[in-house]
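Chemist: Attaching a single structure in structure tokens format; questions to follow.
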Amino acid sequence: MKKKSLILVLLTSSLLSFSQVTFTNSNTSLVNSTLTSGVAIGISDMNADGLDDIVRLSNANSLEIEYQNASGTFTRYVHGSIGGSSWAICIADVDDNGYNDIFTGGAYNDLKLITANNDGSSYTSNTLGGPSIFVQNLNFADIDNNGMIDIFACHDDGISSPYKNTNNGTLTYDLSLINSESTIPSDNSGNYGSIWTDYDNDGDQDLYISKCRLGVSDNMDGRRVNLLFQNDGNGNYTDVAQAAGLLPLAQSWAANFEDIDNDGDLDCFIINHDITSTLHENNGNGTFTDITSISGIATELSNLGLGIQVMMEDFDNDTYIDLFITTRSSDHYLFKNNGNNTFSTMPSPFPSGGLVIQSGATGDLNNDGLIDVVAGFATGFNNPSSNPDILFLNNGNANNYNWSEIRLQGGPSNINGIGARIELHYGSGLMQIREVRSGESYGTMNSLLTHFGLGAETTITKIVVKWPSGNVDELMNPTINQSHLIIEGMTLNVSEFNSAEFSTYPNPTTDIISIKSLKEISTVSQKLYDMSGKRIEMLFSYEDDVIKADLSDLENGIYFIHIKSDDNNRYVHKIIKK
């Protein structure tokens with residue numbers, strides 16, 4: 001037994017060394033290599049070219065975007081000051097014009113929605129109404145699942161602020177979306193990290209809030225007791241954190257949810273400040289088990305100090321989710337997932353010159369199928385320092401593992417597919433899952449591009465997208481080592497994708513397509529998209545209650561007509577031009 005154990009230890013040690021991930025300081029690729037962000041950093045495709053871009057606020061105030069070019073360089077757009085100092089950022093296309101918008105906020109300095117114009121070349125800063133709040137974290141999420149992106153803003157000093165998207169980008173403060181009061185009566189303050197996730201696998205979005213109230217020592221004080229709001233599918237939310245086993249009774253700063261063991265449900269990591277940060281395995285029945293003590297990194301977690309953010313990505317493409325934790329004190333950590341619910345520390349993967357990474361965002365910033373990091377070095381908890389951000393490009397490792405990346409475009413669901421569950425099937429019944437989110441952990445925005453490591457697998461059986469609308473797309477046998485755009489309904493046939501409210505005919509068509517309302521509903525707008533997700537400029541005409549468009553000049557293929565109705569619902573019809 002001892003000999004076998006020794007062999008196992010040696011093999012494990014060899015494998016860990018072999019798959020060590022390293023990063024390169026690649027600031028020379030940036031236009032502005034001296035920018036200092038503070039905590040709020042974002043990565044997202046901002047110009048609709050399918051490549052991740054970098055969104056930052058110089059000195060937490062002045063908006064700059066560095067667009068990734070296919071050549072490996074970047075091109076900069078400078079918007080300038082948005083006023084105040086921002087502590088959080090999230091990104092999504094709130095007005096459905098095909099270009100992502102930016103949402104920021106800070107300590108009582110207004111909530112700013114920065115919207116892209118209709119060709120993505122410039123942005124306009126708008127101040128939202130509603131109460132003035134002390135922002136700690138922000139999320140875009142379709143809270144009422146009506147196909148339009150809403151907002152959830154964590155408030156440090158009181159109840160958090162939800163904003164309803166009432167008309168393609170018009171956002172109105174509305175507590176009826178979700179009332180996130182503390183279960184233990186309090187002033188409802190202490191809302192820090194927030195994340196929208198389907199933790200119980202029932203097809204709708206739930207909300208977890210990490211609560212922290214500095215100076216409060218009573219661990220049963222409602223200002224510092226975490227909340228897990230379970231969605232019943234009808235927009236009714238009930239706190240079940242205690243029953244679910246996600247109540248550490250700590251000063252919790254942030255949390256994240258991913259499937260660390262590839263068993264089809266989402267596990268949880270919670271950053272705590274006054275007790276050890278904790279790792280929780282999903283039991284598959286809506287409850288969790290604390291596995292920190294057997295995780296292999298309990299000692300490191302006990303020495304974590306003041307953790308700020310946790311990002312969960314497969315950095316080495318070995319099919320298992322790793323942990324990247326930023327901190328205010330001690331040191332940042334990158335923990336490798338060993339594939340058996342244990343983790344190992346990857347020694348010094350980031351050449352930061354001794355600086356502790358306090359903030360970061362993840363995405364693929366050179367389009368090579370590896371997850372990269374933009375790192376920031378704040379002072380205090382949120383303030384910019386004199387140390388510039390660093391773009392760390394992932395060098396991969398000697399395994400050269402395969403990968404897949406997925407972009408989504410919703411139809412009846414919100415255009416970014418936020419809240420969608422993506423399944424990647426491969427091998428002999430193996431599966432990985434991911435969710436599309438906007439705003440995670442604390443103050444950060446990770447890419448909307450969904451990344452999967454495939455290890456040594458050379459084929460994918462299928463990619464399944466379970467959309468918030470209930471539609472399900474299955475892309476069979478997709479090519480590995482490339483990015484795939486999946487448009488809602490693209491794998492459904494014409495009859496499956498028709499709605500009961502509108503009829504499109506003839507379909508297929510050689511020229512004229514007609515849209516007729518089947519109920520007492522009129523249309524407000526119609527938009528046409530091709531299979532690449534690009535909007536096609538099209539002139540629609542009106543004859544009585546029928547809308548018509550001439551497609552004769554378009555190439556043969558598949559198109560999607562997006563219809564907005566006067567009851568604020570959205571419909572999509574798949575069109576075949578032949």
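The values are calculated or read from the model by the stated rules, or taken from the named source; none is laboratory data. Since we're looking at a predicted model, the values are computed, not measured. Neighbour counts are summed over all protein chains in view; Cβ atoms, including those assigned to glycine, are modelled from backbone coordinates with ideal geometry. All accessible areas refer to the heavy atoms of the entire protein, side chains included, with ligands and DNA or RNA removed. Shrake-Rupley method; radii C 1.70, N 1.55, O 1.52, S 1.80 Å.
Chemist: Keeping the other protein chains in place, figure out the carbon and sulfur percent of the accessible area of region 18-93, with a 1.4 Å probe.
Modeler: 50
Chemist: Sequence gap at least 6, Cα distance under 8 Å: using those rules, report the relative contact order of the chain to the nearest whole percent.
Modeler: 13 percent.
Chemist: Roughly how tilted is helix 2-18, in degrees to the nearest 10 and between 0 and 90, from the longest Cα axis of the chain?
Modeler: It is inclined by approximately 50 degrees.
Chemist: Place a point 7 Å from the Cα of Leu175 along the Cα-to-Cβ direction; which residues of region 109-132 have their backbone N under 17 Å from it?
Modeler: Answer for this model: 129-132.
Chemist: Consider a paramagnetic label point 7 Å from the Cα of Thr458 along Cα→Cβ; state which residues of region 371-415 have an amide N under 16 Å from it.
Modeler: In region 371-415, the label zone of Thr458 (backbone N under 16 Å from the point 7 Å along Cα→Cβ) covers 400-403.
Chemist: Report, to the nearest whole %, how much of the accessible area of region 380-496 belongs to carbon and sulfur atoms, 1.4 Å probe, protein only.
Modeler: Of the solvent-accessible surface of region 380-496, carbon and sulfur hold 45 percent.
Chemist: Ignoring ligands, DNA and RNA, please state the percent of accessible area on region 252-335 from carbon and sulfur, probe 1.4 Å. List each step's numbers first, then the result.
Modeler: Values: 950 of 2190 Å².
That fraction is 43 percent.
Chemist: Around Gly147, which amide H atoms from residues at least 5 apart in sequence, or from another chain, sit under 5 Å from its own amide H, with H modelled in the peptide plane?
Modeler: Asn414
Chemist: Select one label from [x] 23.5, 71; [y] 23.3, 84; [z] 23.8, 80: the one whose number is Rg and Dmax of the Cα atoms in Å as derived from the coordinates shown.
Modeler: [y]
Chemist: Roll a 1.4 Å probe over the protein chains and send me the accessible area per residue for region 22-129 in Å². It would help to have the intermediate numbers written out before the result.
Modeler: Details: 3390 Å² over 108 residues.
Counting only protein heavy atoms, the per-residue value for region 22-129 is 31 Å².
Chemist: Along Cα→Cβ, 7 Å out, is where each label goes; now give me the distance between the ones at Ala243 and Ser385 in nm to one decimal.
Modeler: Taking the simple label geometry, Ala243 and Ser385 are separated by 4.4 nm.
Chemist: Given a 1.4 angstrom probe, what's the average accessible area per residue across region 206-252, in square angstrom? Spell out each step's value before the answer.
Modeler: Working: 1820 Å² over 47 residues.
Roughly 39 Å² per residue, with all protein chains present.
Chemist: To continue, here is another question. Can you list residues from other chains, or at least 5 along the same chain, whose modelled amide H is less than 5 Å from the amide H of Gly106?
Modeler: Trp87, Val135
Chemist: Ok, one more. Once you place label points 7 Å from the Cα toward the Cβ at Asn117 and Glu501, how far apart are they in nm?
Modeler: Spacing of the two 7 Å Cα→Cβ label points: 3.2 nm.
Chemist: So, one more: Apply the Karplus curve 6.51 cos²θ - 1.76 cosθ + 1.60, θ = phi - 60°, to the phi angles in region 460-468 and return the couplings in whole Hz, x for Gly and Pro.
Modeler: So the J values, rounded to whole Hz, are 10, 5, 6, 10, 10, 10, 9, 7, x.
Chemist: Separate question: Under Stokes-Einstein, with the Kirkwood radius over Cα pairs standing in for Rh, what whole-number D in µm²/s applies to region 318-384 at 25 °C and 0.890 mPa s? Mind showing how you got there, number by number?
Modeler: On the way: Rh = 13.2 Å.
This corresponds to a translational diffusion coefficient of 186 µm²/s.
Chemist: Normalised by the residues of region 260-320, what does the relative contact order come to in percent, with Cα pairs under 8 Å and at least six apart?
Modeler: Once normalised by length, the contact order is 30 percent.
Chemist: Beta carbons within 10 angstrom, averaged per residue: use that to sort the peptides 193-202, 522-531, highest first.
Modeler: Answer by packing, highest mean first, reads 193-202, 522-531.
Chemist: Quick one: if you take sqrt(5λ) for each eigenvalue of the C-alpha gyration tensor of region 420-546, what semi-axes come out, biggest first, whole angstrom? Intermediate values should be presented prior to the final figure.
Modeler: Details: eigenvalues 242, 67, 39 Å².
Equivalent-ellipsoid dimensions as semi-axes: 35, 18, 14 Å.
Chemist: Which pairs break 21 Å Cα to Cα here: Lys112/Lys534; Lys112/Lys164; Lys527/Lys548; Lys548/Lys574?
Modeler: Those over the limit are Lys112/Lys534.
Chemist: Next up: Name the residues of region 192-207 whose amide N is less than 20 Å from a point 7 angstrom out from the Cα of Leu492 along the C-beta direction?
Modeler: Answer for this model: 202-205.
Chemist: Follow-up. May I ask for the longest run of the chain untouched by GluC sites (Glu not before Pro) that are loop-located per DSSP and have at most 13 neighbouring C-beta atoms (other than their own) within 10 Å? Before the final figure, lay out the partial values.
Modeler: Working: sites that count: Glu520, Glu537, Glu555.
Counting only loop sites that pass the neighbour cut-off, the longest clear stretch is 1-519.
Chemist: Where only protein heavy atoms count, and the probe is 1.4 Å, what is the accessible area per residue for region 464-578 in Å²? Spell out each step's value before the answer.
Modeler: Numbers: 5680 Å² over 115 residues.
About 49 Å² of surface per residue is accessible.
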